[in-house]
Amino acid sequence: MRAKFDQQLDTLNVMLIEMGALCEEAITYAVRALNENSDEMRRLTFETDSIIDEMEREIEALCLKLLLQQQPVARDLRQISAALKMISDMERIGDQAYDIAEITETIKDEENNLSKENINRMADASIKMVTKSIDSFVNKDMDLANDVVIMDDIVDKMFDDIKAELINAVAADKRIGELLVDNLMIAKYLERICDHAVNIAEWVIFSITGEHVADKHIGEKEGL
């Protein structure tokens, strides 16, 4: 019985890795839609979000099966509970990538340079955080989970830099007000994606220690 249970936990881990990879792809496609003004990248973002939604349902069903049909010990219960919380955050990551891609439909290609460099840096950071948060769960790696929590401060600073850059730009040219709002919303969605990655990391820590450390940043770290 335990061997079968462990096999199903391994399946859960594989599915979480796959869902995390889809989240990374969705973010990548959405930012490429911005950078390239690409309808194809927007289509891929929307399709990937739909797959993420389906995976959430499949993983939820597996978790409930593990809870109802097996006899998990406390450690197993924490792992399954954490997985249920994590897939909710990953589903939201897919939604926010979708939202970014949707916004890019209204931005003309020739207007596409405002805050591009900082937005791309923020997108790279969000992908790293999602990757690390999922890896920390699969490998039960507290240090990796803590890294994700620490990185959130760096991303918040990136968002503040983008906001300041956009405010200065619109002060110099009030005609770009609508573009400012679009780019600020994209940056905000990226910040939210990073917040969801932090949530995942915090649930990883819970699955290992039994303590949920929401909003507690562990240590200090410079750079990414």
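Summary of values
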read-out: Checklist (1) without any contact (Cβ under 8 Å) to a residue 12 or more places away in the chain; (2) under 21 Å from Lys128 (Cα atoms) applied to Asn168, failing item; value: (2)
read-out: Selection count, the range 63-87, where residues are surrounded by 15 or more Cβ atoms within 10 Å (Cβ to Cβ) and modelled with pLDDT of 85 or more; value: 14
read-out: Among residues of the range 22-64, those that are assigned to a helix (DSSP H, G or I) and in contact (Cβ under 8 Å) with a residue 24 or more places away in the chain, counted; value: 28
read-out: Set Ile154, Ile208: member being surrounded by fewer than 23 Cβ atoms within 10 Å (Cβ to Cβ), among the β-branched types (Val, Ile, Thr), at pLDDT 85 or above and under 30 Å from Ala74 (Cα atoms); value: Ile208
read-out: Residue selected from the range 110-140 under the condition part of a loop (DSSP other than H, G, I, E, B) and out of contact with any Leu (no Cβ under 8 Å at 6 or more places or on another chain), by the criterion modelled with the lowest pLDDT; value: Asn113
read-out: Residues within the range 22-43 that are surrounded by fewer than 18 Cβ atoms within 10 Å (Cβ to Cβ) and under 18 Å from Trp203 (Cα atoms), tallied; value: 0
read-out: Hits in the range 53-91 - residues which are under 19 Å from the mean Cα position of the chain (by Cα) and hydrophobic (A, V, I, L, M, F, W, C); value: Met55, Ile59, Ala82, Ala83, Leu84, Met86, Ile87, Met90
read-out: Residue check for Ile107: in contact with a helix residue (DSSP H, G or I) (Cβ under 6 Å, 6 or more places away or on another chain), assigned to a helix (DSSP H, G or I) and at pLDDT below 95; value: no
read-out: Qualifying position, being more than 24 Å from Glu18 (Cα to Cα) and of a type in the set (Gly, Ala, Ser), among Ser88, Ser81, Ser126, Ser38; value: Ser38
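The values are calculated or read from the model by the stated rules, or taken from the named source; none is laboratory data. In this text the structure is predicted, and so the values were computed from the model without any measurement. Methodologically, a virtual Cβ is constructed for each residue, glycine included, from the backbone with ideal geometry; neighbour enumeration extends over all protein chains shown.
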